[in-house]
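Just so it is clear, none of the values below were taken in a lab; they were calculated from the coordinates. What you see is a predicted model; the values in this text were computed from it and never measured. A quick note on method: Cβ atoms are made from the backbone with ideal geometry, for glycine too, and the neighbour counts reach across all protein chains shown.
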Amino acid sequence: MQSTLMLIKPDGIEKNLEGPIKRMIEDAGLVVTHEKEIHPTRSHFEAHYAFDDEWKRNVGEGNLSLCEKMNIDPNEAFGTNDPIEIGDVIRDRLIEYMLSRPIKAFVIQGEDAIQRVRNLSGSTVPARAEPDTIRGRFGSDANEQPILEKRSIQNIVHTSGNFEEADFELKHWFPELYSQDLNYNPILS
Ligand code: ADP
């Protein structure tokens with residue numbers, strides 16, 4: 001058994017998707033063991049989204065190519081044409097979006113839960129996500145509009161990407177589970 005973290009992002013909350021998302025999780029044979037509304041601080045999200053330079057460079061380079069295709073000046077869109085700095089701007093926009101309202105956090109448990117919940121969420125870009133995934137079914141955002149509107153991609157949910165992220169993120173968002181039960185170990189149990 002494994003547990004993993006899901007956050008329902010502000011657009012998912014605004015569209016009242018907690019119930020439908022929970023049903024998709026349960027239909028996949030997984031269980032939501034804990035859930036709560038959270039009002040996170042900026043520093044809590046800064047620790048959660050501690051991206052390395054490789055992530056920033058990848059995202060920055062992807063956006064530079066898109067700017068070229070769309071005939072947009074990256075200096076106008078991001079205030080810089082350096083890929084890592086573009087990655088930093090996108091991270092800042094992501095944190096602004098995540099802070100825009102209270103959100104919901106789920107602990108989800110099941111066999112191979114980390115990968116299965118990741119698959120159930122679908123591609124980062126909803127327009128490219130499969131229709132039977134959460135992002136494909138409930139989201140519609142693509143890569144271009146966020147550049148023009150100087151905002152993050154809105155994609156309904158966050159889910160832990162791998163074992164290390166799940167371990168860190170469960171402790172980060174649900175510390176009470178660990179302090180109430182000193183033997184609590186959702187990843188290995
Ligand atoms: P995921 O959430 O699918 O694991 P990442 O960890 O790579 O994706 O990115 C974190 C979040 O940052 C995404 O869910 C999305 O909201 C936002 N994001 C990622 N790439 C971009 C981008 N190119 N432009 C705007 N926002 C982005």
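Observations on the model:
- Candidates Asn155, Asn162, filtered to the one that is touching a residue at least 40 places away in the same chain (Cβ under 8 Å), touching a Lys or Arg at 6+ places or on another chain (Cβ under 6 Å) and within 11 Å of the ligand (Cβ to nearest atom): Asn155
- All conditions but one from (1) within 10 Å of the ligand (Cβ to nearest atom); (2) in a helix (DSSP H, G or I); (3) more than 29 Å from Met1 (Cβ to Cβ) apply to Ala127; the one that does not is (1).
- Those helices (runs of 4 or more DSSP H) of the stretch 1-118 in which 2 or more residues are of a type outside the set (A, V, I, L, M, F, W, C), within 16 Å of the chain's Cα centre (by Cα) and within 18 Å of Leu170 (Cβ to Cβ) occupy 42-48.
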